[in-house]
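I have placed the structure first, in the form of structure tokens, so that the comments after it can refer back to it.
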Amino acid sequence: LRSYLRDESSRLRRLRRFYEKVQALHQDPEASVDNPLLAFGLIKRLHSDWPNVIYSDEAATNTQALHAGLEEVEQELPGAEDLEGAARALMRLQDVYALSVQGLARGVFQRAGHPPLYSPGRSAALSADDCFHVGKVAYDTGDYYHSIAWLEEAVSLFRLSYGSWNLEDRSSLEDALDHLAFSYFMAGNISHALSLSMEFLRYDPSNQRVSRNVAKYKKLLEMGTGGCHGPPPPLLSPLHALLCPFPPQPVPERLLHLSCSYETNSSPYLLLQPAKKEMVWIQPYVALYHDFITDAEAETIKGLAGPWLQRSVVASGEKQQKAEYRISKSAWLKDTADPVVRALDRRMAALTGLDLRPPYAEYLQVVNYGLGGHYEPHFDHATSMKSPLYRMKSGNRIATIMIYLSAVEAGGSTAFIYANFSVPVVKNAALFWWNLRRNGNGDGDTLHAGCPVLAGDKWVANKWIHEHGQEFRRPCSADPQD
């Protein structure tokens with residue numbers, strides 16, 4: 001695009017020079033006819049020079065170069081799926097963090113009556129066309145709650161700028177009114193659908209389809225159909241309602257049982273550099289180990305995983321598949337991939353006292369959560385014997401270690417739903433919890449979720465440890481209920 005603008009600017013400068021030369025020669029029409037040299041020049045300009053300028057191939061050549069440049073990189077550019085995913089991410093952030101669409105369009109990340117959740121260094125507002133595209137994604141899937149909110153904002157912005165035209169816009173006030181009217185109709189608010197359709201006809205009175213809709217809406221209203229209600233808001237889990245936007249504060253009695261300490265776990269590996277342990281919760285047992293890895297190790301792991309990242313999958317019966325409730329990309333790293341991964345495995349084994357040799361633990365899973373990336377409430381351990389986890393023939397997942405490889409500016413906490421607490425992203429720290437009780441049953445209190453990333457780029461590395469091989473490292477209790 002930069003090359004095209006440069007070439008086109010040069011072409012227009014030459015065109016302006018030609019125009020200025022012609023204009024100067026035509027200052028005195030009589031002199032042009034009296035002077036044979038000027039007369040010749042006039043005839044030549046009108047017969048030859050002017051058509052040569054008009055029919056020059058230069059403009060077409062510049063445009064062809066622009067098209068060729070786009071085709072060169074087209075495969076690397078975001079596709080329709082990426083655009084749809086980005087729109088859904090904005091709607092997810094809107095819901096989970098209770099952000100107003102009007103505020104988001106102005107670049108403000110604020111919940112009503114609360115301070116901003118995130119204040120970007122560089123504010124960015126959305127255009128009317130941007131809001132229309134988000135609303136259109138919701139509209140195309142019959143999600144009229146979100147389509148109404150985003151198309152209302154698109155209509156408001158289009159009204160403010162009506163009459164001006166942006167080269168990049170693919171939609172207009174008429175498009176927004178058309179889609180918004182039908183969204184209200186599908187939501188049951190026929191009177192508002194009628195008023196929006198009437199507004200549409202002021203701009204495009206010859207549109208037969210909208211005229212038929214107006215007649216239909218009037219008839220329905222005469223019959224007493226169609227109130228003023230809108231679509232119901234989406235049902236939000238406790239995660240969406242509380243834990244992600246505003247983590248609850250621990251009660252004082254619980255704080256008495258929480259502590260910070262240096263831990264060696266009786267391992268020679270940790271004698272010179274003990275682990276910095278913060279007890280986050282007692283039941284379920286959740287501990288956060290600060291400065292578990294270095295910045296250099298985190299960058300190495302991200303670099304190793306980067307080329308292999310693919311859309312994350314989840315267990316579905318006996319298969320694995322993509323799902324809307326987990327939006328991220330992941331890759332798996334063997335301990336042989338790099339000395340850093342091997343050293344990390346040894347450190348995790350020393351920290352937990354568990355056997356991490358294959359097949360007693362899975363490979364290191366590196367996950368990247370980008371725009372609005374999240375993982376809805378789930379258990380790490382299998383809840384069905386048909387789960388693909390049992391293919392390793394090493395039992396269920398007894399424990400999880402999750403290492404935060406990056407910091408985020410806002411959002412991205414790990415929320416434990418039933419236990420009613422969340423852990424924010426702490427760069428280079430490792431979060432550890434037991435998935436199974438000592439009797440081998442799954443711990444229901446470990447239901448957890450990855451809150452949507454509001455701002456930033458969240459990277460984590462997961463290590464899942466299986467129960468086989470740990471019989472003497474974490475023995476059963478005398479109490480069968482434990």
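The values are calculated or read from the model by the stated rules, or taken from the named source; none is laboratory data. Nothing here was measured: the structure is a model prediction, and the numbers come from that model. Cβ placement follows ideal geometry from the backbone for every residue including glycine, while neighbour counts extend to all protein chains displayed. Calculation scope for accessible area: heavy atoms of the full protein, side chains included, ligands and nucleic acids excluded. Shrake-Rupley method; radii C 1.70, N 1.55, O 1.52, S 1.80 Å.
General observations
- Shape summary of region 249-466, radius of gyration then Dmax from alpha carbon positions: 16.5, 48 Å.
- Based on protein heavy atoms only, the chain ends up with 56 Å² per residue of surface accessible to a 1.4 Å probe.
- For SER127, neighbours were defined as the other residues whose beta-carbon sits under 9 Å from its Cβ, and their charges (Lys and Arg +1, Asp and Glu -1) total -4.
- Overall, the accessible surface of the chain at a probe of 1.4 angstrom is composed of carbon and sulfur to the extent of 55 percent.
- For the chain, the relative contact order comes to 12 percent (Cα pairs under 8 Å, sequence separation of at least 6).
- Proximity of backbone amide H atoms, modeled 1.01 Å from N, is registered between PHE421 and PHE416 at under 5 Å, excluding neighbours fewer than 5 places apart on the same chain.
- In this structure the amide hydrogen of LEU454, modeled in the peptide plane, comes within under 5 Å of the amide hydrogens of ALA410, GLY411, GLY412, none closer than 5 places in sequence on its chain.
- Relative packing of 279-287, 16-24, 374-382, 456-464, which averages over residues the other C-beta atoms within 10 Å, highest first: 456-464, 374-382, 279-287, 16-24
- Alpha-carbon gyration tensor eigenvalues x 5, square-rooted, for the chain, Å: 60, 33, 19
- Eligible lysines near LYS219 by straight Cα distance, threshold 26 Å, same-chain separation 8 or greater: none
- Summing charges over all other residues whose Cβ lies under 12 Å from the Cβ of ALA105, with Lys and Arg as +1 and Asp and Glu as -1, gives -3.
- Per-residue SASA remark: SER100, around 60 Å² accessible (1.4 Å probe; ligands, DNA and RNA not included).
- A simple count of charges around SER147, restricted to other residues whose Cβ falls under 10 Å of its Cβ and scoring Lys, Arg +1 and Asp, Glu -1, yields -2.
- The chain - charge dipole about Cα centre, Lys and Arg +1 at Cβ, Asp and Glu -1, debye rounded to 20: 720
- Listed residue pairs exceeding 27 Å between alpha carbons, taken from LYS393/LYS458; LYS334/LYS393; LYS136/LYS302; LYS277/LYS329: LYS393/LYS458; LYS136/LYS302; LYS277/LYS329
- Relative contact order %, region 1-76, counting alpha carbon pairs below 8 Å whose residues are six or more apart: 48
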